[in-house]
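S.K.: Next up is a structure, given as structure tokens.
The values are calculated or read from the model by the stated rules, or taken from the named source; none is laboratory data. All values derive from a computational prediction rather than experimental measurement. Methodologically, a virtual Cβ is constructed for each residue, glycine included, from the backbone with ideal geometry; neighbour enumeration extends over all protein chains shown.
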Amino acid sequence: MRAQARCKLHPEVMSGWSSALSVAITLPYTVTTSPAGLQIAVDGSTYTVPATFNWVPGSTHTLSVSSPQDGSSGTRYVFSSWSDGGAQNHTITAPSSSTTYTASFTTQYSLTTAVNPAGAGTVSPSGTNWYVSGQSVSVSAMASSDYSFSGWSGDLTGSANPTSLIMNGPKSVTAQFTAIPESISTPGAPIGPSSGYVGTAYSYLTSEASSNLGHPLEYQFDWKGDGTDLSLWGAANQQKAWTVAGQYNVRIRARCSLHTSVVSEWSLGTSVGIQRVFQIGCSDDGIQCLGRTDGGNDGNNLVNGKPKLDVEYEFKITSRILGARQSM
Ligand SMILES: [Zn+2]
């Protein structure tokens with residue numbers, strides 16, 4: 001604006017115009033958020049709203065918001081729209097009347113899931129995820145092979161699986177698992193010779209037992225049947241050479257290779273009769289070797305100085321036998 005003066009008595013006497021003075025007419029404009037209290041940037045500066053600005057109508061300004069914005073723990077706000085329909089970051093031209101610009105945000109809550117004990121299973125969704133307020137979220141638990149799902153703790157209860165929860169606030173859920181007790185089935189009675197001779201090794205094996213958890217097994221033989229002559233833990237097929245003649249009750253048990261305290265019952269016993277072996281030589285006094293009863297011929301009828309175990313020999317006693325030597 002500018003001004004000029006004139007004389008009241010002689011109005012035709014008039015000054016020139018003054019120099020101009022610029023006067024800006026401003027209006028208040030409000031920028032806020034829904035929910036209130038979040039942050040916006042106006043013309044590059046950040047404010048916690050609501051904030052009011054005095055702008056000249058027709059002037060241009062930038063409105064922008066960052067998204068998401070953190071609220072209290074487990075809560076955040078995600079930009080959804082401006083009241084004037086503008087983009088998340090946009091420029092406005094101040095209109096001719098006071099105006100309020102509102103940035104609307106959607107409230108989200110976190111759902112954090114966990115597994116107990118660690119490694120006992122999985123839960124879905126896992127970790128921390130964000131959901132819109134009011135959303136129903138399906139949650140499921142899956143046990144590892146040696147565990148069973150036992151229920152929920154935290155913001156879920158019971159043991160329904162899968163189940164769901166309503167995200168009406170930050171949530172924390174733990175899937176609880178219980179270890180399945182391991183048991184080993186009793187092996188079958190050892191299979192092998194029911195008779196034999198001292199000093200000869202015989203093989204025995206069992207139909208394999210099993211772990212309810214599918215774990216690998218190892219086996220132990222009880223060669224006598226009273227727990228006093230135990231094999232090392234090992235394969236389901238082991239050999240034994242008894243050193244003393246007698247009647248034995250061979251039995252076997254199994255245990256988990258991974259959890260060696262988990263042991264099966266003893267199997268039924270297999271009766272094994274072990275005989276002494278006598279060595280008779282053809283050159284022994286009072287002995288004449290006549291040959292094999294089945295007509296076979298194997299030289300002096302002896303193997304390593306002993307009669308073969310699986311064939312019969314005929315001997316002739318040519319004089320009184322004074323004694324026999326036990327081979328072992
Ligand atoms: Zn095991």
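Residue by residue, here is whether (1) at pLDDT 95 or above; (2) closer than 30 Å to G234 by Cβ; (3) part of a loop (DSSP other than H, G, I, E, B); (4) more than 16 Å from the ligand (Cβ to nearest atom) holds:
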residue: S140; (1), (2), (3), (4): yes, no, no, yes
residue: G158; (1), (2), (3), (4): yes, no, yes, yes
residue: G169; (1), (2), (3), (4): yes, no, yes, yes
residue: T178; (1), (2), (3), (4): yes, no, no, no
residue: G196; (1), (2), (3), (4): no, yes, no, yes
residue: L213; (1), (2), (3), (4): no, yes, yes, no
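S.K.: Suppose we keep only residues that are aliphatic (A, V, I, L, M) and surrounded by fewer than 15 Cβ atoms within 10 Å (Cβ to Cβ) within region 147-177. Which one would you say is farthest from the chain's Cα centre (by Cα)?
M.R.: So the residue we want is I166.
S.K.: Just give me the residues in region 234-247 being part of a strand (DSSP E or B), more than 7 Å from Y219 (Cβ to Cβ) and of a type in the set (G, A, S), in sequence order.
M.R.: Answer for region 234-247, where residues must be part of a strand (DSSP E or B), more than 7 Å from Y219 (Cβ to Cβ) and of a type in the set (G, A, S): A241, G246.
S.K.: Given the criteria over 39 Å from the mean Cα position of the chain (by Cα), outside any strand (DSSP E or B) and closer than 22 Å to V277 by Cβ, does V250 qualify?
M.R.: The answer is no for V250.
S.K.: Now for a different question. Do any residues in region 271-284 that are modelled with pLDDT of 90 or more have Cβ atoms under 6 Å from those of residues that are among the aromatic types (F, W, Y), where the two are at least six apart or on different chains, and which pairs are they?
M.R.: Final answer for the pair search is V272/Y248; I274/W242; Q275/Y197.
S.K.: Also, quick follow-up: Exactly one condition in (1) hydrophobic (A, V, I, L, M, F, W, C); (2) away from the ligand (no atom under 16 Å from the Cβ); (3) part of a loop (DSSP other than H, G, I, E, B) is not met by W152; state its number.
M.R.: In the conditions (1) hydrophobic (A, V, I, L, M, F, W, C); (2) away from the ligand (no atom under 16 Å from the Cβ); (3) part of a loop (DSSP other than H, G, I, E, B), W152 misses (3) alone.
S.K.: Search region 240-277 for residues being of a type in the set (A, V, I, L, M) and farther than 19 Å from T228 by Cβ, and hand back the single one that is farthest from the ligand (Cβ to nearest atom).
M.R.: The extreme case among them is V277.
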